[in-house]
1. Going through the stretch 1-95, which chymotrypsin sites (Phe, Trp or Tyr not before Pro) have at most 16 other Cβ atoms within 10 Å and a DSSP loop state?
2. Between ARG118 and GLU49, how many nm apart are label points set 7 Å from Cα along the C-beta direction?
3. Give me the extension gain from ALA78 to GLU14: residue separation times 0.36 nm, minus the current Cα-Cα distance, reported in nm with one decimal.
4. What is the percent carbon and sulfur in the accessible area of the stretch 34-143, measuring with a 1.4 Å probe over the protein chains and ignoring ligands?
5. Restrict the search to the stretch 8-56; then list the GluC sites (Glu not before Pro) that DSSP places in a loop and that have at most 11 other Cβ atoms within 10 Å of their Cβ.
6. Which value, in Å², gives the accessible area per residue of the stretch 1-93 when a 1.4 Å probe is used on the protein heavy atoms?
7. Between the DSSP loop rule and a limit of at most 14 other Cβ atoms within 10 Å, which trypsin sites (Lys or Arg not before Pro) in the stretch 73-143 are left?
8. Grab the Cα-Cα distance for ASP27 and THR97, subtract it from 0.36 nm times how many residues apart they are, and report the gain in nm with one decimal.
Amino acid sequence: FQGIELWNELTVAENVLVGPGATRRSDEQVEALFDLLGLGDLKDRPASELSQGQRQLVSIARSLTAGPRVLLLDEPAAGLDSTESEWLAQRLRDIRTAGVSILLVDHDMALVLGLCDRIEVLDQGRIIASGPPEEIRRSRHVAEAYLGAPATSATATSATVTGKPASRPVEAP
């Protein structure tokens, strides 16, 4: 998400419809995807008019047109403030509820801890903590890495957001 590749001159809908598998989706499925992600009011706007968070969500929508069972997101909260990050987290919860598991890599600990079922915390490429959010919150190693106590700064957090087993493309419930 550091380099979102949207066509600024195209509308949100047009950007989503160039996603993998979009041609195999019915108009109703595409509309359900817009509704699921809260993009319905934006679909006729040019991508150039969107906020950073909205642009990231359009990229996610484009990925979902393929009907994946697992969605890999690398730093979707990059460049977002805390309000936008929470807004994104709610959209990701909606995706999970629709049956898609998410593998999330992000530095935004509030997003990770509030969204993920299982978390792997890395520091300098080494796993320093692994488990559910409650366990990660209590980890001395994570506190040292993230708060700058004797350890170095953490490099990334990888987490898995699991939902109901996905056996169908993403559709609004």
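1. On the way: sites: PHE1, TRP7, PHE34, TRP87; in loops: PHE1, TRP7.
Within the stretch 1-95, the qualifying chymotrypsin sites (Phe, Trp or Tyr not before Pro) (loop, at most 16 other Cβ atoms within 10 Å) are TRP7.
2. 4.4
3. Values: separation 64, 0.36 × 64 = 23.04 nm, distance 2.39 nm.
Gain on extension, ALA78 to GLU14, equals 20.6 nm.
4. Looking at the stretch 34-143 in its full context, I get 48 percent from C and S.
5. Working: sites: GLU9, GLU14, GLU28, GLU31, GLU49; in loops: GLU9.
Answer in residue order: GLU9.
6. Values: 4580 Å² over 93 residues.
Heavy-atom SASA per residue in the stretch 1-93 reads 49 Å².
7. For trypsin sites (Lys or Arg not before Pro) across the stretch 73-143 that sit outside H, G, I, E and B with at most 14 neighbouring Cβ atoms in 10 Å, the list reads ARG138.
8. Numbers: separation 70, 0.36 × 70 = 25.20 nm, distance 2.15 nm.
So the chain would gain 23.1 nm between ASP27 and THR97.
The values are calculated or read from the model by the stated rules, or taken from the named source; none is laboratory data. Please read these numbers as outputs of a predicted model, since none were measured by experiment. Positions of Cβ are backbone-derived with ideal geometry, glycine not excepted, and every protein chain shown enters the neighbour counts. Heads up: the accessible areas ignore ligands, DNA and RNA and are worked out on the full protein's heavy atoms, side chains in. Shrake-Rupley method; radii C 1.70, N 1.55, O 1.52, S 1.80 Å.
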